[in-house]
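Scroll down for the structure; my scribbles are underneath it.
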Amino acid sequence: METVGRFAPTPSGRMHLGNIFCALLAWLAARSQGGRMVLRIEDLDTLRTRQEYADKLEEEMAWLGLDWEEGGSKGGPHGPYYQSQCSPIYRQAMEILQQKGLVYPCFCSRAELHAATAPHLADGRYVYPGTCRHLTQAQRAEKAKQKSPALRLAVPDEWVGFEDMLFGPTGENLARTAGDFVLMRSDGVFAYQLAVVVDDLRMGVNQVVRGCDLLDSTPRQIWLAKQLGAKTVPQYGHIPLLVDSEGRRLSKRDGDLCLDGLREKFTAPQLVGKLGALAGLIDRPEPLTAAELAKEFAWEKLPREDIRLPADFSRA
Ligand code: GLU
């Protein structure tokens with residue numbers, strides 16, 4: 001079966017080096033198997049995202065030598081590729097889940113959600129305690145007069161495991177570590193978890209390579225995909241995150257290391273070679289194209305810990 005990989009950026013700012021690293025590894029993983037690439041623009045939240053960032057990231061991917069067969073401004077057979085244009089598709093998926101009795105309205109305020117009574121996990125995540133799950137129809141109707149609800153997916157007390165391409169066997173109990181999660185926010189915006197699952201399915205994506213900050217979303221997404229009728233789910237590979245010299249994760253907010261400065265310092269093959277060496281794919285950071293680096297790609301070579309950036313990537 002042909003590998004179909006994807007890169008699914010959120011255009012809420014310029015891509016930083018961490019996003020570029022993720023795009024590169026997703027591309028290498030797919031291309032090293034002769035696979036195809038899809039570019040999906042995750043601009044669900046139209047207040048936070050901008051078309052100009054989506055356009056810019058296409059230009060930057062092209063500069064790096066990362067191409068794709070379908071998606072973004074190129075379009076293709078599984079469009080739309082911009083999540084902002086997919087509401088009718090997400091609504092259909094929501095109806096399937098509603099018909100299965102898996103969706104319920106949640107009227108909790110942000111303050112209630114963070115109330116001290118809610119169990120928090122060691123890593124700072126918190127699990128929704130199911131407050132609104134068992135409201136009666138009458139209670140729901142009453143509350144709906146005051147407030148529009150978010151919609152949550154009722155998850156079972158069930159372990160969902162998978163074999164990560166880098167981390168090996170992993171998984172979690174949905175009720176205990178994820179809890180009933182939001183499918184649509186109270187302002188009517190569909191949630192990432194729903195959109196990503198629906199889109200990976202309808203675009204035929206069978207290989208998902210992304211940052212390991214999303215590792216704990218994967219059991220939820222696998223379970224959700226199955227509720228939506230998926231016979232198979234993608235293979236997942238979660239890659240290490242890049243951190244600065246103080247161990248801080250890069251973020252768009254801080255304008256961390258966007259390509260402008262790096263393009264002044266490095267050619268595309270130099271940057272690709274440096275990222276390839278940081279990923280452990282090659283021994284020395286010698287310049288090479290993304291296509292050349294694809295020949296060196298192997299999951300076994302990647303580290304599982306965060307990758308600290310060397311000084312020549314400093315912010316200055
Ligand atoms: N859109 C997400 C991001 O930019 C990535 C989602 C994914 O790869 O599943 O962080």
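The values are calculated or read from the model by the stated rules, or taken from the named source; none is laboratory data. Bear in mind that the values here come from a model prediction, so they are computed numbers and not experimental data. When we count neighbours, we look across all protein chains shown, and the Cβ atoms used for this are built from the backbone with ideal geometry, even at glycine.
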Item to check | Failed item in (1) within 15 Å of the ligand (Cβ to nearest atom); (2) in contact (Cβ under 8 Å) with a residue 40 or more places away in the chain, with Trp223 passing the rest | outcome: (1)
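Okay, residues lined up against (1) closer than 23 Å to Asp306 by Cβ; (2) crowded, with 18+ Cβ neighbours inside 10 Å; (3) of a type in the set (D, E, K, R):
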{"residue": "Arg176", "(1), (2), (3)": "no, no, yes"}
{"residue": "Gly179", "(1), (2), (3)": "no, yes, no"}
{"residue": "Arg185", "(1), (2), (3)": "no, no, yes"}
{"residue": "Gly188", "(1), (2), (3)": "no, no, no"}
{"residue": "Val209", "(1), (2), (3)": "yes, yes, no"}
{"residue": "Asp216", "(1), (2), (3)": "yes, no, yes"}
{"residue": "Leu224", "(1), (2), (3)": "no, yes, no"}
Item to check | Some residue of region 29-41 being more than 24 Å from Phe266 (Cα to Cα), without any contact (Cβ under 8 Å) to a residue 12 or more places away in the chain and either more than 12 Å from the ligand (Cβ to nearest atom) or among the hydroxyl-bearing types (Ser, Thr, Tyr) (or both) | outcome: no
Next on the checklist: Need the failing condition index for Phe266 against (1) among the aromatic types (Phe, Trp, Tyr); (2) surrounded by fewer than 21 Cβ atoms within 10 Å (Cβ to Cβ); (3) under 24 Å from Gly161 (Cβ atoms), just the number.
Outcome noted: (3)
Checklist entry - Do you know which of the residues in region 191-213 that are over 16 Å from Glu69 (Cα atoms) and among the small types (Gly, Ala, Ser) is farthest from the ligand (Cβ to nearest atom)? => result Ala191
Next on the checklist: Take the conditions touching a residue at least 24 places away in the same chain (Cβ under 8 Å), part of a helix (DSSP H, G or I) and over 30 Å from Ser148 (Cβ atoms) and apply them to Leu194. Does it pass?
Outcome noted: no
Checklist entry - Just one of Leu25, Leu44, Leu57 is within 25 Å of Ala230 (Cα to Cα), buried (at least 21 other Cβ atoms within 10 Å of the Cβ) and within 14 Å of the ligand (Cβ to nearest atom); which is it? => result Leu44
Item to check | Test: residue in region 18-39 that is of a type in the set (D, E, K, R), under 26 Å from Thr232 (Cβ atoms) and modelled with pLDDT of 95 or more | outcome: yes
Next on the checklist: Condition check: more than 21 Å from Val209 (Cα to Cα), away from the ligand (no atom under 16 Å from the Cβ) and either modelled with pLDDT of 95 or more or among the small types (Gly, Ala, Ser) (or both). Does Leu64 satisfy that?
Outcome noted: no
Item to check | Candidates Thr10, Thr3, filtered to the one that is of a type in the set (Ser, Thr, Tyr), more than 15 Å from the chain's Cα centre (by Cα) and either within 11 Å of the ligand (Cβ to nearest atom) or surrounded by fewer than 24 Cβ atoms within 10 Å (Cβ to Cβ) (or both) | outcome: Thr3
Next on the checklist: Being touching a strand residue (DSSP E or B) at 6+ places or on another chain (Cβ under 6 Å) and either surrounded by 12 or more Cβ atoms within 10 Å (Cβ to Cβ) or touching a residue at least 60 places away in the same chain (Cβ under 8 Å) (or both) is the filter here; which residues of region 120-132 pass it?
Outcome noted: Tyr126, Val127, Tyr128, Cys132
